[in-house]
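All remarks here apply to the structure that follows.
Throughout, read-outs are computed from the coordinates displayed, never taken from laboratory work. All values reported here derive from a predicted model rather than from experimental measurement. A quick note on method: Cβ atoms are made from the backbone with ideal geometry, for glycine too, and the neighbour counts reach across all protein chains shown.
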Amino acid sequence: MAFKLHIEAEGRKIGFYKLNRLEFEGLEIDADTDFDKENITELFENINAYIESGELEELDSAQTFTTFHPDTATITLDADNLEEVEVSLDDMTLQNINVDTKLELLEKAKIGDVIFIRTEVGEAYWDISGEGEASFTLENVKFGYLDCSQSHNQYDVIREGYYDFLCDLVVPENAWYNDEKLEIDEHVLRTQQVYGELYIVRQELPGRTKEFERVDLGGPMLLDTTSTPEEFS
């Protein structure tokens, strides 16, 4: 039996971008720069322009994915031989996925790399479709869920500030019915706000492990605010 889920929620597009290769594009970024509010504002605006142009993706220096907050979601089920009905995430299965699987770019980062984390926030929807058996049940619909407490202790989450962007969110691209992957037919994020943060990859002694040092600006910098989005049709 074919079915479709239409999800409307507060959506986020989270992007991790390695900036070192932008030096070839004329944008100098030195890991030893003494960043402050004045010089970093222009830098962030330039970085944001490169991201919006798609140039960082072309340089293979980006990792992005979309999420939504479960408490904001409204979900409609449209299935063969059933009336269209509003359903709840509580009727489905949230399956924890290790948050580190969403940090591949950070895993590959080297000492001295400069990493920009960009988060778009706005109203979003996803149309997700799949095939279920005749005895279709919502409980067999599974969504990936980033529950940081399952794979990291509280100290890890506080110490590594980039987890702030990831915890307690649903990842629509990780959706299944039983063991069958569901397809995202359409996704729209009507961006209202864009935030950015900068991290420098340092070497932590004496263990010589990687440490992601956040450039302290008192919190994420608001890069852009757009007008209120239109209502979804």
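Segment 126-153 and segment 58-89 have Cα centres spaced 10 Å apart. Spin-label model, N140/D185: points 7 Å from Cα along the beta carbon direction are separated by 2.0 nm. Note on L222 and I111: with the Förster distance fixed at 30 Å, the Cβ-Cβ geometry gives a FRET efficiency of about 0.50. When the C-alpha to C-alpha distance is required to be over 20 Å, the pairs from K108/K181; K4/K102; K18/K210; K108/K142 that qualify are K108/K181; K4/K102; K108/K142.
Restricting to Cα pairs below 8 Å that are 6+ residues apart, what does the relative contact order work out to for segment 37-113? Please round to a whole percent. Kindly include the intermediate steps, with their values, before the conclusion.
Values: 26 pairs, mean separation 15.3, N = 77.
Value for segment 37-113: 20 percent.
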